[in-house]
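What follows is a single structure, written as structure tokens, with notes after it.
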Amino acid sequence: TDTAGSLGPRGPVAVHVGQGLAAAKQGNRSAARSALEKAQSALGESDDKDLRIQVRELEGIVAMNEDNTDEALTHLKEAAAIEAEKPLDFGPPFPPKPAHELYGEVLLALDRPADALTQFEETLDRYPDRALALMGAAKAATRAGKPDLASEARTTLTDQWTNADASVRTQLQSLSGTATSSTSDSK
């Protein structure tokens, strides 16, 4: 029995998009493409903006994995445009990966830090102090030659992660290139 199908279109789209993103991250192009086709089929003619964003995101990532950068950026730009039209909701973002953030990550990977920074800033306007967007903004600002913006993002992250596990603080250290000290590590 297909339990995702019993959830209406949200269930199957979310499941297939999740599977597709995981497959793409693992470099499994055929599984990512298959999941995309299933997500597109599940989406059908639905005008649900959240679902359309998710499918556009997956289309973009699949295109990137297939080395079609222009198509990828087109899909990610469309996802971000749909997201920008949505009213702001309280609580965590849905879809779980904000479109502007994903677009920024891809632009950063393509060595377009100034464009990426714009996308991370859009994410932070919608979802203030979101850690992944702050990390992206710090990286993009550094590479775009905007040290003040990079420092501001790192400072916000440092404040958020003061009492985080050591493995999380290590990620922050990699952003600044320096070690962060914590006197609360010893008991």
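Tally time: how many residues in segment 37-71 are acidic (Asp, Glu), touching a residue at least 40 places away in the same chain (Cβ under 8 Å) and out of contact with any Pro (no Cβ under 8 Å at 6 or more places or on another chain)?
0
Return the pair list, or none, for Cβ contacts closer than 8 Å from residues in segment 130-151 that are surrounded by fewer than 22 Cβ atoms within 10 Å (Cβ to Cβ) to residues that are outside any loop (DSSP other than H, G, I, E, B) and among the basic types (Lys, Arg), at least 6 apart or on different chains.
Hits for this filter: Ala150/Lys139.
If the requirement is being part of a helix (DSSP H, G or I), more than 25 Å from Asp125 (Cα to Cα) and modelled with pLDDT of 90 or more, which of these qualifies: Ala84, Ala35, Ala80, Ala72?
Going through Ala84, Ala35, Ala80, Ala72 in turn, just one is part of a helix (DSSP H, G or I), more than 25 Å from Asp125 (Cα to Cα) and modelled with pLDDT of 90 or more: Ala35.
Looking only at segment 85-101, filter to residues that are open to solvent by 20 Å² or more (accessible area, probe 1.4 Å) and in contact with a helix residue (DSSP H, G or I) (Cβ under 8 Å, 6 or more places away or on another chain); which one of those is farthest from Gln54 (Cα to Cα)?
Per the stated criteria, the residue is Leu88.
Would segment 102-119 turn up any residue that is of a type outside the set (A, V, I, L, M, F, W, C), within 19 Å of Ile82 (Cα to Cα) and open to solvent by less than 10 Å² (accessible area, probe 1.4 Å)?
Among the residues of segment 102-119, at least one is of a type outside the set (A, V, I, L, M, F, W, C), within 19 Å of Ile82 (Cα to Cα) and open to solvent by less than 10 Å² (accessible area, probe 1.4 Å), which makes the answer yes.
The values are calculated or read from the model by the stated rules, or taken from the named source; none is laboratory data. Small disclaimer: the values here were computed from a predicted structure and weren't measured. Backbone-built Cβ (ideal geometry, glycine too); neighbour counts: all protein chains shown. These accessible areas exclude ligands, DNA and RNA; they are computed on the full protein's heavy atoms, side chains included. Shrake-Rupley method; radii C 1.70, N 1.55, O 1.52, S 1.80 Å.
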